[in-house]
Amino acid sequence: MNLDTIVFLVSAVVAVFSATMMISQRNTVASVLYLILSLLAQAVLYIQLSALFLSAVLIIVYAGAIMVLFLFVVMLLNLRGNQDLGDKPSPVSRITKYLVSILLVVELVFIIRGIGFDTGTVGIMTLAADDFGSVAAVARILFTNYLYPFELTGVLLLVAIVGAVVVSKREKSYETPAGSGNMPDDRKKVEI
Amino acid sequence: MVPISAYLILAAVLFGIGTIGVLITRNVIVIFMSIELMLNAANLALIAFSRGMNVLDGHVFVFLVLTVAAAEAAVGLAMIVLIFRNRETINIDRFSIMKW
């Protein structure tokens, strides 16, 4: 077993383990932290696949920005473990969701057995070029062949910014006039 | 050398975990994070294929997927905060207010 395989196995086990822990945690903050751990393990795999630029982007944008946004929201909502989830769902819905999950796992096992571990359709990697996955190489193809999709990405981000601001802005009519003294209760007024 | 199929199997497993997370949890934030996990599993498969075929197009797709994920997180979390203000819960079963 060479170093490549060891790095792959360790990262894969960490990624799968922390992803499993993420969906099984009661505490939402713990599940956010487990997702960050899973993303870091995936960043190691990106480096192994010589995607250096995207590995840096994954850590900076995902682990650094998006997950911090999640943490902010979790702390803003001030969740207290299980009690915010309300009553248990009906037995029919619970049985159905576990049944579908088991079906999915069985399906995955069949697919993996079909692929096999070392006789893949793409097979063993060939040697990559020196600058494969570097910032310069990715930028060259991004700004030539994929210039139009890249520009559309800017429009998408603009729409997302405007959408997030509009959605999270409070309606004018629900605002309490300044000095009326009942500010803490004004969140009750927007009950629907 | 680790074969490409090993990365693809890992991507499939991560995608499956994400799907199961969407199915079985009731916490809307965990469901949202499961969706992010599924996007990342697809990214891993794209990068593995890109490396296997020695072309950089997959990297561009992953870049675009990351942008979409960022936009989706911003808008989705804003909606979660808004609904939490009205409903005082993060249970997905009580988020059915857009149904008619």
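The values are calculated or read from the model by the stated rules, or taken from the named source; none is laboratory data. Predicted model, so just to flag it, every value in this text is computed and none were measured. Areas reflect the complete protein model, heavy atoms only, side chains present, ligands, DNA and RNA absent. Shrake-Rupley method; radii C 1.70, N 1.55, O 1.52, S 1.80 Å.
For this structure, a couple of remarks:
- B versus A: buried accessible surface, summed, Å² (probe 1.4 Å, to nearest 100): 7700 Å²
- In terms of overall dimensions, the C-alpha atoms belonging to region B:37-100 reach 51, 20, 18 Å along their principal axes, ordered largest to smallest.
- Heavy-atom surface of chain B, accessible at 1.4 Å and reported per residue (Å²): 34 Å²
- Among B:Phe15, B:Phe49, B:Phe63, the largest mean-square fluctuation in a Gaussian network model of chain B, built with springs joining Cα atoms closer than 10 Å, belongs to B:Phe63.
- Gyration tensor (alpha-carbon) shape descriptor, region A:1-80, a/c threshold 1.5: oblate
- Rg and Dmax of region B:1-82, based on Cα coordinates, read 14.4, 49 Å.
- Shielded residues, region A:135-156 - accessible-area loss of 10 Å² or more between chain alone and all protein chains, probe 1.4 Å: A:Ala137, A:Val138, A:Ile141, A:Leu142, A:Tyr146, A:Pro149, A:Phe150, A:Thr153, A:Leu156
- Among B:Asn27, B:Asn54, B:Asn43: highest mean-square fluctuation, GNM of chain B, C-alpha pairs under 10 Å: B:Asn54
- Counting only protein chain heavy atoms and rolling a 1.4 Å probe, the accessible areas of B:Glu88, B:Glu72 rank, largest first, as B:Glu88, B:Glu72.
- Phi-based couplings in Hz for region A:25-42 (Karplus 6.51, -1.76, 1.60; Gly and Pro marked x): 7, 7, 7, 5, 4, 4, 5, 5, 5, 5, 5, 4, 4, 4, 5, 5, 4, 5
- Within the accessible area of region A:1-80 (1.4 Å probe), percent carbon and sulfur: 77 percent
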